[in-house]
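Chemist: Below is a structure I'd like to ask you about.
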Amino acid sequence: RQQRMRVYYRHLLSGTSSDGLNPPDDKPTEHAFILRARQVVESNIENPEFSVEELAAQLHISRYQLHRKLVQLVGLSTTQFIRMIRIHRAEQLLVDPSLNVADVAYDCGFRDPDYFSRVFKKSKGVSPTEFRRRIRGK
């Protein structure tokens, strides 16, 4: 049950289709919490100063409660949760050929394009440049 719930919520977070995935038998408040947390991160995505503390404050819960809830629901720490949303946004931006990788990094709240590239590669298994190349089919 726990694993199914985490898979469902990760799909929900990434915006990928959750067709074929049944919503977990949980309270609607958990579903709303995940959507609200994602919305808060997305509305602050360009801000490299956006922190775990700010996310917790905007959700009106303590850092500890936020961490515990995210680990339980999606299997990620709060920092990993924020980073996952930033990386997902980067994937969307990399489709635009007018943006270079550094622009994408800054638009997703990363201060250092090199760090962004390392995090992206660790998360997706390919560099942002290679990801873009594969999307274009070249």
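Chemist: Over region 61-138, what percent of the accessible surface lies on carbon and sulfur atoms, probe 1.4 Å?
Modeler: About 49 percent, which is the carbon plus sulfur part of the accessible surface.
Chemist: Now, a different point. Report the label-to-label distance for Arg68 and Ala32 in nanometres (one decimal), using points 7 Å from each Cα along the Cα→Cβ vector.
Modeler: Output for this residue pair reads 2.1 nm.
Chemist: Further, regarding this structure: With every protein chain left in place, what is the accessible area of Arg36 in Å² (1.4 Å probe, nearest 10)?
Modeler: Surface accessible to solvent at Arg36 totals approximately 110 Å².
Chemist: Additional query: Sort Val71, Val104 by heavy-atom solvent-accessible area, probe 1.4 angstrom, most to least.
Modeler: Sorted descending by solvent-accessible area, the residues read Val71, Val104.
Chemist: Moving on to the next point. On a full-extension model of 0.36 nm per residue, what is the gain between Arg136 and Arg118, subtracting their alpha-carbon distance, rounded to one decimal in nm?
Modeler: Difference between extended and current length: 4.4 nm.
Chemist: With a 1.4 Å probe and every protein chain left in place, work out the accessible area per residue of region 57-115 in Å², rounded to a whole number.
Modeler: Result: 52 Å² per residue.
Chemist: Another question about this same structure. How much accessible surface area, in Å² rounded to 10, belongs to the heavy atoms of Tyr115 with a 1.4 Å probe?
Modeler: 90 Å²
The values are calculated or read from the model by the stated rules, or taken from the named source; none is laboratory data. Quick caveat, the model's predicted, so the values are computed rather than measured. For neighbour counting, all protein chains shown are included, and Cβ atoms are generated from backbone atoms with ideal geometry for every residue, glycine included. Heads up: the accessible areas ignore ligands, DNA and RNA and are worked out on the full protein's heavy atoms, side chains in. Shrake-Rupley method; radii C 1.70, N 1.55, O 1.52, S 1.80 Å.
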